[in-house]
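The values are calculated or read from the model by the stated rules, or taken from the named source; none is laboratory data. Note that this is a predicted model, so its numbers are computed, not measured. For neighbour counting, all protein chains shown are included, and Cβ atoms are generated from backbone atoms with ideal geometry for every residue, glycine included. Surface areas here come from the heavy atoms of the whole protein model, side chains and all, with no ligands, DNA or RNA. Shrake-Rupley method; radii C 1.70, N 1.55, O 1.52, S 1.80 Å.
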Amino acid sequence: VVHAVVARHAPDSRVVDITHQVPAHDVRAGALVLWRAGPWLVPGVILAVVDPGVATARRAVAVAAPGAILVGPDNGLLLPVAHRLGGPSAAVELDPPDERPPGATFAGRDLFAPAAGRAAAGTPLEQLGTPFDPDGLVGQPVPKPVHEPGGSLRAEVLWVDWFGNAQLNAAVVDLPPLLAASLVLEAGPATVAVGVVSSYQAIAPAEVGLVVDSYGLLSVCCDRDSAADRLGLRPGQIVHLRPGHLPPAGGPLRRQ
Amino acid sequence: VVHAVVARHAPDSRVVDITHQVPAHDVRAGALVLWRAGPWLVPGVILAVVDPGVATARRAVAVAAPGAILVGPDNGLLLPVAHRLGGPSAAVELDPPDERPPGATFAGRDLFAPAAGRAAAGTPLEQLGTPFDPDGLVGQPVPKPVHEPGGSLRAEVLWVDWFGNAQLNAAVVDLPPLLAASLVLEAGPATVAVGVVSSYQAIAPAEVGLVVDSYGLLSVCCDRDSAADRLGLRPGQIVHLRPGHLPPAGGPLRRQ
Amino acid sequence: VVHAVVARHAPDSRVVDITHQVPAHDVRAGALVLWRAGPWLVPGVILAVVDPGVATARRAVAVAAPGAILVGPDNGLLLPVAHRLGGPSAAVELDPPDERPPGATFAGRDLFAPAAGRAAAGTPLEQLGTPFDPDGLVGQPVPKPVHEPGGSLRAEVLWVDWFGNAQLNAAVVDLPPLLAASLVLEAGPATVAVGVVSSYQAIAPAEVGLVVDSYGLLSVCCDRDSAADRLGLRPGQIVHLRPGHLPPAGGPLRRQ
């Protein structure tokens, strides 16, 4: 229905669905979906709704960032992608819809879709609502990994994809050069030797590897198996990468 | 594949998917999806298939209603939305396809998509098949709630959405004015105090509320939790709303 | 994101999603999806990704077949549909992308979508990469059923659809004429009487039938129930159809 409302306001627009599989109410997961996809969506209008506070005092906003107008609730969903695209340069609180909708709980249909459609059809941001300082937008940028005393790196699981790969908030450049050659991953009770590889198939059958994923981040992976299931990884979990050697569980770890 | 066939017949059309998640063979659920979405889909052609009787004697039809041509099986799927849009004004039984398909079980691809595509491209209804009296269309309108002796309202669960909110076939106007202030919901073995609110967050953590949902109907809801799971609600179930007071289970119920 | 990249290269193209529900890494299932859908997708560009070997030595290819350019990994995914459309007439190994992507694991976004978009916008096949002999494409055509001594037919379950219907690699023409009238299906420990029918409703409640499905193949079906669950059928499983009579389990089998 949101598509139909966008089409009414912007008949010549092209709408691409990024995902409909964000867990219910999980603003963080939705924000990270946008943060990952953002660079491939510009120039364009990005409409996003993960909105547990719908119909309450949270603001409904449109935000300008380089190449994009972002439309959605001001609850942290939009800020990470706005920063990734270069930072928010302007923001408005959306005007209420001209027509009073039958209920207040479907802002995607009644508020965000008309605003996104109008933006896609060329309406300037300032005509969509009342301007406010974009520094007042709710939310946090994506956390950085932390170098800890003793040489280990404290990282966070950002996302578990549907293959069971667990994306960390750390890239190869975050690893001390020598560290990448011989690493131990500590994740809750699990402690495993891992190496940095560039494909899933470079991980031996019984092993776990750190694949440089399609966003340039390290993902904890198994080859055709779920690393998240094997190690009990879930989004938001803290893991540690430290230098060291462990006998591999199931034979030598192939590295590229 | 249905999209591809529509595109062949109507290259300039825009196709919007409403849902692919109607439970298998559940004509009632599909009819209610269309009934809810209809007002946002007009003007347009609406193609729908929930079709356990495919390849049997059930008619394949196109139906005119204000702003829409509805295409699908004549099994009750189309009638509720046709009435919501103003009532069916004409109907045809679709002609068989020019080309005999390899089998008879995919009417969506072989029969409905070509008809919907041709309608979207401007073919008049009467050229899609053989007219018949639309009073002969199969199906029931959406049931109304019933005022019962003693002042209670007998309602039906129309739909459980993916958040676990249970939409009733009753609006605020169906409640006696005083009743809305102090209500008890009886649903099978469950009996809970409920109040009418306009947002999910207005429901206290351990409570159940009646949210005026985005279709103007009362939905049995919890805040960021599944009311359907908590109370064992399922589509088609009968519930009762009666005046009364119950001590709230987990603290005072906030009302707007 | 793949849609967005295609749109960048081919702004006037129309993109249709066939499915996002191929089981992870199941190249065979993906190849059969394309094989079934292919005839309805031409003329067009077909982009497909089931790619457990992403970022390894498997080739990334574009293949010409009558009416279509097929783009994807050369791992068997594309060959069945290429043969169904008339056979591959030319093939190229795709050039690496102009811009080095942040990681090597999302060939759909970084390699296949740009190639498919360029093909959709009219770039000739030979400008997408380096030609090679299409006889060298990886993969097998869809297997044929086998007539066995004693008059039985050895067939394979190609697919279990979401209703639980199990599509075989056999059509009515593969059955000896008399056989169709009185058949026994042996599938693992299960042995049931089956008849060939043209609709699901022609199968009696406790029975199993062979429906001529929408691709002209025989599907093992129950009426509004899952034949796959009842008989324990799964994709790739071998079944036998032999002449014979069994007392039906739940009453007479209705045939058309």
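Side notes on the structure shown:
- Counting the residues of region A:115-143 that are out of contact with any helix residue (DSSP H, G or I) (no Cβ under 8 Å at 6 or more places or on another chain) and modelled with pLDDT under 95 gives 1.
- Restricting region C:205-248 to residues that are on the phi > 0 side of the Ramachandran plot and within 14 Å of chain B (Cβ to nearest Cβ), the residue that is surrounded by the fewest Cβ atoms within 10 Å (Cβ to Cβ): C:G216
- Of all residues in region A:170-189, none that is at pLDDT below 80 has its Cβ atom under 6 Å from the Cβ atom of a residue that is part of a helix (DSSP H, G or I) and open to solvent by 10 Å² or more (accessible area, probe 1.4 Å), 6 or more apart or on another chain.
- Sole exception among (1) open to solvent by 60 Å² or more (accessible area, probe 1.4 Å); (2) at the interface with chain B (Cβ under 10 Å from one of its Cβ atoms); (3) more than 15 Å from the chain's Cα centre (by Cα) for A:H20, by number: (3)
- C:P101 being open to solvent by less than 70 Å² (accessible area, probe 1.4 Å) and over 24 Å from the mean Cα position of the chain (by Cα): yes
- Selected residue (criterion: nearest to B:V15 (Cα to Cα)) from residues of region C:23-51 that are part of a loop (DSSP other than H, G, I, E, B) and open to solvent by less than 60 Å² (accessible area, probe 1.4 Å): C:V42
- Number of the exception - C:V54 against (1) within 11 Å of chain A (Cβ to nearest Cβ); (2) open to solvent by 10 Å² or more (accessible area, probe 1.4 Å); (3) over 14 Å from the mean Cα position of the chain (by Cα); (4) not small (G, A, S): (2)
- Selected residue (only one of C:A82, C:A60, C:A64, C:A48 is in contact (Cβ under 8 Å) with a residue 12 or more places away in the chain, closer than 19 Å to C:T123 by Cβ, under 13 Å from the mean Cα position of the chain (by Cα) and more than 11 Å from every other protein chain (Cβ to nearest Cβ)): C:A48
- Residues of region A:1-12 that are under 20 Å from C:H3 (Cβ atoms) and either in contact with a Phe, Trp or Tyr (Cβ under 8 Å, 6 or more places away or on another chain) or open to solvent by 30 Å² or more (accessible area, probe 1.4 Å) (or both): A:V1, A:V2, A:H3, A:A4, A:V5, A:P11, A:D12.
Every residue, every condition in (1) surrounded by 18 or more Cβ atoms within 10 Å (Cβ to Cβ); (2) of a type in the set (D, E); (3) part of a loop (DSSP other than H, G, I, E, B), yes or no:
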site: A:L70; (1), (2), (3): yes, no, no
site: A:A91; (1), (2), (3): yes, no, no
site: A:D110; (1), (2), (3): yes, yes, no
site: A:A113; (1), (2), (3): yes, no, no
site: A:V138; (1), (2), (3): no, no, yes
site: A:G151; (1), (2), (3): no, no, yes
site: A:G164; (1), (2), (3): yes, no, yes
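- Residues that are open to solvent by 10 Å² or more (accessible area, probe 1.4 Å), closer than 23 Å to A:P80 by Cα and more than 25 Å from the chain's Cα centre (by Cα), drawn from region A:115-128: A:P124, A:E126
- The sole residue among B:V197, B:V173, B:V146, B:V157 that is of a type in the set (A, V, I, L, M, F, W, C), farther than 14 Å from B:R242 by Cα and open to solvent by 40 Å² or more (accessible area, probe 1.4 Å) is B:V173.
- Checked against (1) more than 14 Å from chain A (Cβ to nearest Cβ); (2) within 30 Å of A:A166 (Cα to Cα); (3) in contact (Cβ under 8 Å) with a residue 60 or more places away in the chain, C:D98 meets all criteria but (3).
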